[in-house]
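Working notes for the structure below.
The values are calculated or read from the model by the stated rules, or taken from the named source; none is laboratory data. All values reported here derive from a predicted model rather than from experimental measurement. Here Cβ is always computed from backbone atoms with ideal geometry, including for glycine, and neighbour counts include all displayed protein chains. With ligands, DNA and RNA removed, areas are computed over all heavy atoms of the protein, side chains included. Shrake-Rupley method; radii C 1.70, N 1.55, O 1.52, S 1.80 Å.
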Amino acid sequence: MAGLPGVPQPIAIFPQFIAKQPETLVLKEKVLSLSGDSFTIKLANGTPILQVEGKVMSISGRKKVSDMQGNHLFSIVKEHLHIHATYVVESPSKQKLCEVKSHFACEYLEA
């Protein structure tokens, strides 16, 4: 399988997560976990890079994404009252960074 061509310049909000070469990310869901949708995102070699903490019983399905030092980077939240399923990436201060809709349109929102 051929990879996607690279972009001329890295696009990132968090420069510390810009990879120098293509990387494979591994997400393992814990089925029937009492901690909600909590999991760790790791590189293929097993190095953990992000911690995702799902809120139990959250209507919006809020997921808090942190680095491995516990710094809250952003949250992923499902917004209701849209025709298409809509997810928002928001900063710790609740500023909307990105919106993704189920019909695969993504709009980057500038600060």
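Observations on the structure shown:
- Residue in the range 73-84 that is exposed (fewer than 15 other Cβ atoms within 10 Å of the Cβ) and either in contact with a Leu (Cβ under 8 Å, 6 or more places away or on another chain) or in contact (Cβ under 8 Å) with a residue 40 or more places away in the chain (or both) present: no
- Residues of the range 86-111 classified as open to solvent by 40 Å² or more (accessible area, probe 1.4 Å), within 13 Å of L73 (Cα to Cα) and either out of contact with any His (no Cβ under 8 Å at 6 or more places or on another chain) or modelled with pLDDT under 70 (or both), total: 4
- Applying the criterion of at least 3 residues that are touching a helix residue (DSSP H, G or I) at 6+ places or on another chain (Cβ under 7 Å), closer than 26 Å to S102 by Cα and modelled with pLDDT of 90 or more to the strands (runs of 3 or more DSSP E) found wholly in the range 13-85 leaves an empty list.
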